[in-house]
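Participant: Mind having a look at this structure? Questions to follow.
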Amino acid sequence: MPLIPMYQCLHEAEKGNYGVGAFNVNNMEQVQAVLRAGRELSSPVILQVSRGALKYTNRIYIKHLVRAAVEENPDLPVVVHLDHGDTLETAKIAIDLGFTSVMIDGSHFPFAQNVEVTRSVVAYAHQYGVSVEAELGTLGGIEEDVSGHVQLTDPAQAGEFVRQTGVDSLAVAIGTSHGAYKFKGAAKLAIDLVPKIYEQVRIPLVLHGSSSVPPELVQRINEYGGQMEQTAGVPIASIQQAIARGVRKINVDTDLRLAATGAIRQVFAESPAVFDLRDYLGPARDAMTAVVASRMKDFGSAGHARDYQPLTLDDMRSFYRVRGF
Ligand code: G3H
Ligand code: 13P
Ligand code: ZN
């Protein structure tokens, strides 16, 4: 199976009423971890690549890691997505590399400017059958630096945004934030906003900042010399509620970072003589595989790789007709 576009993946998820985790990858071990979990559980796979990951891999390495992943797993539906693209130029770079989905994140712009940049990416990407995710509202975490405040997504404005842009999926702000430190106390999320937004947009919704930051992963890091503070992530139960109400793509990066860090710290603490990379990157890869597999089960995508049929040209045409393009 060649790489598949995001819209096929998210429409399958809509049909089956489940969510698909989108996991950030920067190196071979992460790509392998996500693919191994997908293969073990027969789950569709979304690999996502940030601008930082493009830079870290000098683009060409990530391009070929993805090729290797597809070659190794010919029966698995795999999407490759640009995470938090900032300009049309970045989207073009990703499409040239063979990505089948791009995000244009204009959420820090005023509404009209967000519409304008998103429209330009939709017009370009759709020529190549590439799906587009946009974002409306602002999360906490990394985006606080840009916006200075958290703004939950307004359902009516979301409806207007989707009509004006023709975007394929929409990332919403309901109280999640990026990184390991999401909530001081108990998690506070506006899950009730999800059906209200979905009602207005009728396209798959995306939840960024969805790592659950499991205490056992943080404890493992601290037990072996790390210094992470008390923190909390997004409870799996809340994500499942969001999925039941229209969220289809769930972004997870931090949990893989935590899993890898804990595993590596444990090897270094217990076996200080180790200096073969494989002796610590191997356990890191195993720990990330376990996290991804657990999310695939919890989000409901496990088993659904078997539902996929190859997309025909007619499917693609009808998709765009349904969407009004
Ligand atoms: O949302 C951001 C992702 O966690 C990617 O992070 O920009 O450090 O690669 P990064
Ligand atoms: P986390 O930091 O919660 O893993 O979120 C990742 C993300 O949203 C990537 O776009
Ligand atoms: Zn994000």
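Participant: One residue is enough: does the range 183-202 have a residue meeting the conditions assigned to a loop (DSSP other than H, G, I, E, B) and in contact (Cβ under 8 Å) with a residue 60 or more places away in the chain? Spell out how you get there, then give the answer.
Facilitator: In the first step, residues of the range 183-202 are kept if they are assigned to a loop (DSSP other than H, G, I, E, B); the result is 183-192, 202.
In the following step, the residues that additionally are in contact (Cβ under 8 Å) with a residue 60 or more places away in the chain were identified as none.
The answer is no; no qualifying residue exists.
Participant: Test of understanding: among Val252, Val213, which residue is in contact (Cβ under 8 Å) with a residue 40 or more places away in the chain and either open to solvent by 40 Å² or more (accessible area, probe 1.4 Å) or touching an Asp or Glu at 6+ places or on another chain (Cβ under 8 Å) (or both)?
Facilitator: Val213
Participant: Hey, any hits in the range 51-70 for a residue that's away from ligand 1 (no atom under 15 Å from the Cβ) and either small (Gly, Ala, Ser) or not in a helix (DSSP H, G or I) (or both)?
Facilitator: Checked against the condition, which is being away from ligand 1 (no atom under 15 Å from the Cβ) and either small (Gly, Ala, Ser) or not in a helix (DSSP H, G or I) (or both), the range 51-70 yields at least one hit.
Participant: Can you report the number of residues in the range 71-90 which are assigned to a strand (DSSP E or B) and within 16 Å of ligand 2 (Cβ to nearest atom)?
Facilitator: Residues that pass the stated criteria total 7.
Participant: Just one of the numbered conditions (1) at negative phi; (2) open to solvent by 20 Å² or more (accessible area, probe 1.4 Å); (3) away from ligand 2 (no atom under 16 Å from the Cβ); (4) in a loop (DSSP other than H, G, I, E, B) is not true of Asn26; which one?
Facilitator: Only one criterion is unmet by Asn26, namely (3).
Participant: With (1) among the β-branched types (Val, Ile, Thr); (2) touching a Cys at 6+ places or on another chain (Cβ under 9 Å); (3) surrounded by fewer than 21 Cβ atoms within 10 Å (Cβ to Cβ) as the list, and Ile46 as the residue in question, which single condition is left unmet?
Facilitator: Among (1) among the β-branched types (Val, Ile, Thr); (2) touching a Cys at 6+ places or on another chain (Cβ under 9 Å); (3) surrounded by fewer than 21 Cβ atoms within 10 Å (Cβ to Cβ), Ile46 violates only (3).
Participant: Collect the residues in the range 281-310 that are under 13 Å from Val45 (Cα atoms), of a type in the set (A, V, I, L, M) and open to solvent by 20 Å² or more (accessible area, probe 1.4 Å), keeping them in residue-number order.
Facilitator: Ala302
Participant: Quick test for you: out of Gly141, Gly185, pick the one residue that is at pLDDT below 95, open to solvent by 20 Å² or more (accessible area, probe 1.4 Å) and farther than 23 Å from His81 by Cα.
Facilitator: From the options Gly141, Gly185, the qualifying one is Gly185.
Participant: Just checking, which of Ala260, Ala244, Ala232 is among the hydrophobic types (A, V, I, L, M, F, W, C) and under 21 Å from Arg285 (Cβ atoms)?
Facilitator: Ala260
Participant: Go through the residues of the range 147-155 one by one and say whether even a single one is without any contact (Cβ under 8 Å) to a residue 12 or more places away in the chain, of a type in the set (A, V, I, L, M, F, W, C) and open to solvent by 10 Å² or more (accessible area, probe 1.4 Å). Step through it out loud before you land on a result.
Facilitator: Filtering the range 147-155 down to residues without any contact (Cβ under 8 Å) to a residue 12 or more places away in the chain leaves 148-149.
Narrowing the set further to residues that are of a type in the set (A, V, I, L, M, F, W, C) leaves none.
No, the conditions are met nowhere in the range 147-155.
Participant: State all residues of the range 106-116 that are touching a residue at least 24 places away in the same chain (Cβ under 8 Å), surrounded by fewer than 20 Cβ atoms within 10 Å (Cβ to Cβ) and closer than 15 Å to Gly85 by Cβ; if no residue qualifies, say none.
Facilitator: Once the filter is applied, which keeps residues that are touching a residue at least 24 places away in the same chain (Cβ under 8 Å), surrounded by fewer than 20 Cβ atoms within 10 Å (Cβ to Cβ) and closer than 15 Å to Gly85 by Cβ, the range 106-116 yields only His108.
Participant: Going by the structure shown, is Gly98 under 20 Å from Val20 (Cβ atoms), at pLDDT below 95 and of a type outside the set (A, V, I, L, M)?
Facilitator: no
Participant: Checking Gln113 against (1) over 21 Å from the mean Cα position of the chain (by Cα); (2) within 23 Å of Ile46 (Cβ to Cβ), which test does it fail?
Facilitator: Of the numbered conditions (1) over 21 Å from the mean Cα position of the chain (by Cα); (2) within 23 Å of Ile46 (Cβ to Cβ), the odd one out for Gln113 is (2).
Participant: Something else about it: Anything in the range 49-69 that is open to solvent by 10 Å² or more (accessible area, probe 1.4 Å) and within 16 Å of ligand 3 (Cβ to nearest atom)? List them, or say none.
Facilitator: Once the filter is applied, which keeps residues that are open to solvent by 10 Å² or more (accessible area, probe 1.4 Å) and within 16 Å of ligand 3 (Cβ to nearest atom), the range 49-69 yields Ser50, Arg51, Gly52, Leu54.
Participant: Can you pull out every residue in the range 227-242 that is of a type in the set (A, V, I, L, M) and open to solvent by 10 Å² or more (accessible area, probe 1.4 Å)? I'd like the intermediate steps shown before the answer.
Facilitator: Of all residues in the range 227-242, those of a type in the set (A, V, I, L, M) come to 228, 232, 234, 236-237, 239, 242.
Across the range 227-242, the qualifying residues are Met228, Ala232, Ile236, Ala237.
Participant: Between a residue in the range 279-300 that is farther than 12 Å from Leu258 by Cα and any residue that is of a type in the set (Ser, Thr, Tyr), which pairs come within a Cβ distance under 6 Å, given they are 6 or more apart or on different chains?
Facilitator: That search, which allows pairs on different chains as well, returns Met296/Ser43; Gly300/Tyr18.
Participant: Also, quick follow-up: Looking at the range 96-105, which of the residues that are open to solvent by less than 20 Å² (accessible area, probe 1.4 Å) and not in a loop (DSSP other than H, G, I, E, B) is farthest from Gln48 (Cα to Cα)?
Facilitator: Ile104
The values are calculated or read from the model by the stated rules, or taken from the named source; none is laboratory data. In this text the structure is predicted, and so the values were computed from the model without any measurement. Note: ideal-geometry Cβ built from the backbone for every residue, glycine included; neighbour counts use all protein chains shown. Only protein heavy atoms, including side chains, enter the accessible area calculation; ligands, DNA and RNA are left aside. Shrake-Rupley method; radii C 1.70, N 1.55, O 1.52, S 1.80 Å.
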